[in-house]
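Data block below; observations after.
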Amino acid sequence: MAKKLSHYDNAGRARMVDVSGKAATRREAEASAFVRMTPAVLKALPKNPKGDPLEVARLAGIMAAKRTSELIPMCHALPLSHVDVEMRLCENGVAITTKVATTAATGVEMEALVAAGISALTIFDMVKGVDKGVEIREIVLQRKSGGKSGEYRRP
């Protein structure tokens, strides 16, 4: 039997899932994104007049995770106990990894994904003056733990 989408009621209307009957447990999620850019753009990163693009993007990702419920209509506001955003320079771009944790009745997958996405968009914003052809790729959930569905790891 196929799983039912939880954000719809029996009449097909969008709804927020009632998690009041769930236990508050430790839940974690990791997500990633990749911002592809040319070697010339990578070389220009330290000279950006707006500041260090990677540090600005890291802070934007942390801030975004904390505001996820304001951006995604059916997300619950969660007390985040940890948000980490890491940037790694590669020969063809910037790899972004986010980690989010909470003790709550629902998971933090969306918070980790929003942090990765907003970090990537911030890098784009910081470098678009040099090259508007920068690409945001592969915003994906890498791992989650906790809750009824347990552990998930991207294959």
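Every read-out reported here was derived from the displayed coordinates using simple, explicitly stated rules and does not represent laboratory data. Model, not experiment: these values are computed from the prediction. Because the Cβ atoms are built from the backbone with ideal geometry, glycine has one as well, and the counts that use them run over all protein chains shown.
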Point to revise | Amide H contacts under 5 Å for GLN142, placed H, 5+ residues apart | key: GLU30, ALA31, SER32
Review point. In degrees, nearest 10, range 0 to 90: what is the angle between the Cα axis of helix 53-66 and the longest Cα principal axis of the chain?
Key: 10
Check your understanding: From the phi of every residue in the stretch 104-117, what ³J(HN,Hα) in whole Hz does the Karplus formula 6.51 cos²θ - 1.76 cosθ + 1.60 yield, where θ is phi - 60° and glycine or proline is x?
Key -> 7, 8, 8, x, 10, 4, 5, 5, 5, 5, 5, 4, 5, x
Check your understanding: From the square roots a ≥ b ≥ c of the eigenvalues of the alpha-carbon gyration tensor of the stretch 70-137, which class results: rounded (a/c under 1.5), prolate (a/b over b/c), or oblate?
Key -> prolate
Review point. Which whole-number percent gives the relative contact order of the stretch 25-153, counting Cα pairs below 8 Å spaced six or more residues apart?
Key: 43
Revision key, fill the gap. HN-Hα couplings for the stretch 74-86 via Karplus (6.51, -1.76, 1.60; θ = phi - 60°), in whole Hz with x for Gly/Pro, come out as 9, 7, 7, 6, 10, x, 6, 9, 7, 9, 10, 10, 10
Review point. Stretch LYS22-LYS148 to full length: gain in nm at 0.36 nm per residue minus the Cα-Cα span?
Key: 44.5 nm
Point to revise | Protection proxy ranking of 15-22, 29-36 - average other beta-carbon atoms within 10 Å, highest first | key: 29-36, 15-22
Point to revise | Inter-part distance where the stretch 35-92 and the stretch 123-153 are each reduced to a Cα centre, Å | key: 9
Point to revise | 20 °C / 1.002 mPa s Stokes-Einstein diffusion coefficient of the chain, Kirkwood radius on C-alpha pairs, µm²/s | key: 129
Check your understanding: So how strong a dipole does the chain carry about its Cα centre when Lys and Arg Cβ are +1 and Asp and Glu Cβ are -1, to the nearest 20 debye?
Key -> 300
Practice item. Count the lysine pairs in the chain whose Cα atoms lie under 15 Å apart, taking only pairs 8 or more positions apart in sequence or on different chains. Key: 7
Exercise for review: Could you work out the Kirkwood radius for the stretch 112-155, taking every pair of different alpha carbons, averaging 1/r and inverting it, reported in Å?
Suggested key: 12.4
**Study point:** Integer Hz, Karplus 6.51/-1.76/1.60 couplings in order for the stretch 142-150, x for Gly and Pro
**Key:** 8, 7, 8, 9, x, x, 4, 7, x
